[in-house]
Structures are given as C-alpha cells and as structure tokens.
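Written out below as structure tokens is the structure these notes cover.
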Amino acid sequence: MKKTILLVTCLLSIFSVYSQVNIGRKRGLGNLYVVEHKDKLYDIIGKTTTYFVVPETLDFDETKKTIEEIWTFNTIKFISEKDYENGDFIATDNSIIKFQDKNYIKTKETMGLNDKRMVGVVDLYKFQMFYFKEVTKKTNGKIKKDIGQIAEIIFTPNNYYRFLANKVEDTGDFKVGYVRKSTPFGTSLEDVKMETTDDGNSYRLLRAPESYNFNLGYIKNYFQILNNKLKARQSLKIRDDIKDKDKLKVLKSKTLYAPHWLLKKYSTIKLKVTGILKPEELFEDYKHKFQILSNEELNSKILNKEDFYYLMHTTYNGEKVVSIINSLSGEIIYSTVDNSSDLIEASDLKTISKLIK
C-alpha cells in the first residue's frame, strides 16, 4: 500500500509543470525557495566570464546568436557540452550556465529491517547558473571547489512519462490520452513498449514535445529576465507577486496571445488528460482581444522580435503560476501564485481582465 501511495505521489510530482526564474541562494536540493543574494555578490559575478554550455537539444549557432543579443550583464562565451566535459573551466574568474536534467532519488533505511524504501524524488530540469567561490588544488592533484548558486531557470520534466491511446483527438502538436509510466524511475525512451490494458486501449509514447516551454523563444525571454535582474542587482523568487496595472492597461487595445497547450485539461488523480477546452471557454470572462497560437508560431513571433504579450501557465508543488510576459523585453507584467488548482481556469482570465482598466 505504501509503495502504491508513493508511486502515485511521484507520478503527480512528475506531472507537475515548471518554468520559472529563481535568482538567489538555494536552501537545499529540490527546494524551489531561495535566499536573496548579498549586494557584493553582483560585483563578484559581474567580473567573471560566463560560459554558456549549449544543450545538445538546442541549435548551437541559433542559441548563441539569440542569447548574445540580449546578454549584457557580463562577458559571455558559448561552448558545447563536449567542450565543457573536456575543458578546464573551474576557476574563480569563471561562472557557468549549464542545463541540468538529472533525477535525484532519496531513500530511507527502514528501522529494524534490512532494506531501504524510496521516500521521494526530485526531478530537476533546469538551466543553472553558478560560480566558483573558492578553488584549491589538493596534494594528490585533485581540485577542490566550493560552488555557489547564482540563479536557475526551471522547466517541465521530459514527456517520456506520457502515454497516449491510439484513438485520440488530435489538437495541434499534442494529443489527448492517458498519462502512464511503467516504472517509477529510470525508464528510457528505448525501454518503452506498446501495451494493451484492460480498458481495451493500446498505449504508445509521445516523444515530442519533450517540454511545453523548452523552446528558444521562451528561453530567450527567461534569460532576458535573468540578465535584467542581475544588472539591477535584484533577486527573484518564484512566489514573487507581480501586478503592473499601468502596463496591463495596454491589453485594452493589444491582443493577448497564448500557446494552445494551455487549453488541455487533465486529472492529477486519474493521471489522465481528459479533454481540450475551446478557446472561448477558457477566455469566456476575458473581455479583451486574445489569440491562441501553436508553440511554433508563438516562438517564431518572439524570435522575430515582434512586440506583444503572451500568457504563460506553470505549476509546482501543487501550486500554479499564471503570468503575462512581454515578448520583446521578457518583462513580466503579471504573475501570481495560486494553490486552488493545478490548471489555468477561466477564473484566472477573469481576474486578469478586471485589472485591465
């Protein structure tokens, strides 16, 4: 029974969606809360050279071009993951931005029994920015380093957890179906097999999109937020509440864009995507112009430097974040945290609409 509860808990945790910029000192592994940096740290890291390790899943040249255009906090250079592994970048005058996509499994030894039980999992899919506070060479030639976190940008866990029925409704670049996982941890894409369950459906893996928001346009905006906050010597916490009423007023005449995957509905209890809302259902109480676009269309508009505002929805630890971001500057003009539901709802748009006066 305990194992069943644990598995369900892990699946609910895995199904949560993340995408948020955290700037501050980490309190612990898997803890999304941070402590504000001391002012002198911005001077220290501002003098470092930042090495941006481009993930293999992103186009190196496009990523370099995009981030170079918006990064002004300090000197930045771009290297591949292979260069990072083979190079020597451990130095106090360097800082690193690297994508982290590992799972951490926590186990606990049961008192009086010769076994261990799993008590939790931390899924970390994030860009992490860190620096070397101190580097010393030991007598055996090994390097001892003291690492300090600067910031992190957290993303959705990989969608290899999602399985879909053969007969499902097509909705752009994702489909409606069941969410299943054959083992709690360690299942790779190659390990997944077709299976038929007692409900009569066959299930297969949906490989793409691996993350709803791991796209270069969104990434550009997230790094603009990071760059601008670092230049302003400001920390940023996930729970920061932002309501810029003056800038929200522009939405009286401007269109609010949204990625089409916001329309999906799912049950965290049944682990099942249950349907797709019609745009007019989600936006029924939003009294201004809006438009639903595919991920590809929305990211193209961002990368083409069009000036508009778009809606973003993320959740973590049972709480949801609803935000509105400017595509040109990356500025967040609205962000709020709510634990009433994991999903974005019509009531969220109603709240936003009331602020647009």
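The values are calculated or read from the model by the stated rules, or taken from the named source; none is laboratory data. On a predicted model such as this, the values are computed, not experimentally measured, just so you know. Positions of Cβ are backbone-derived with ideal geometry, glycine not excepted, and every protein chain shown enters the neighbour counts.
Test residue 314 against the criterion of being in contact (Cβ under 8 Å) with a residue 40 or more places away in the chain, more than 21 Å from residue 217 (Cβ to Cβ) and part of a strand (DSSP E or B), and give yes or no. Taking the combined requirement at face value, the residue does not satisfy it. Applying the criterion of being modelled with pLDDT of 90 or more and surrounded by 18 or more Cβ atoms within 10 Å (Cβ to Cβ) to the residues of region 230-258, the residue that is nearest to the chain's Cα centre (by Cα) is 258.
Listed here are the residues, each with its yes/no results for (1) at pLDDT below 75; (2) more than 25 Å from residue 63 (Cβ to Cβ); (3) touching a helix residue (DSSP H, G or I) at 6+ places or on another chain (Cβ under 8 Å).
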residue	(1), (2), (3)
103	yes, no, no
107	yes, yes, no
114	yes, yes, no
122	yes, yes, no
129	no, no, yes
137	no, yes, no
140	no, yes, no
147	no, no, no
150	no, no, yes
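The number of residues in region 282-301 being within 26 Å of the chain's Cα centre (by Cα) and farther than 27 Å from residue 221 by Cα comes to 0. Is it the case that residue 70 is within 19 Å of residue 236 (Cα to Cα) and at pLDDT 85 or above? Yes: the conditions hold for residue 70. The residues of region 323-341 that are of a type outside the set (Ser, Thr, Tyr) and within 25 Å of residue 70 (Cβ to Cβ), listed by number, are 324, 325, 326, 328, 330, 331, 332, 333.
Contact map, region 212-236: first residue within 25 Å of residue 48 (Cβ to Cβ), second residue of a type outside the set (Phe, Trp, Tyr) and in a loop (DSSP other than H, G, I, E, B), Cβ cut-off under 6 Å, separation 6 or more or different chains; pairs are 221/330; 224/330; 225/330; 235/24; 235/36; 235/37.
Is it fair to say residue 278 is more than 30 Å from residue 56 (Cβ to Cβ) and either aliphatic (A, V, I, L, M) or at pLDDT 80 or above (or both)? Yes.
Being loosely packed, with under 14 Cβ neighbours inside 10 Å and without any contact (Cβ under 8 Å) to a residue 24 or more places away in the chain holds for only one residue in 62, 85, 56, and it is 85. Just one of (1) surrounded by 21 or more Cβ atoms within 10 Å (Cβ to Cβ); (2) β-branched (Val, Ile, Thr); (3) over 17 Å from the mean Cα position of the chain (by Cα) fails for residue 351. It is (1).
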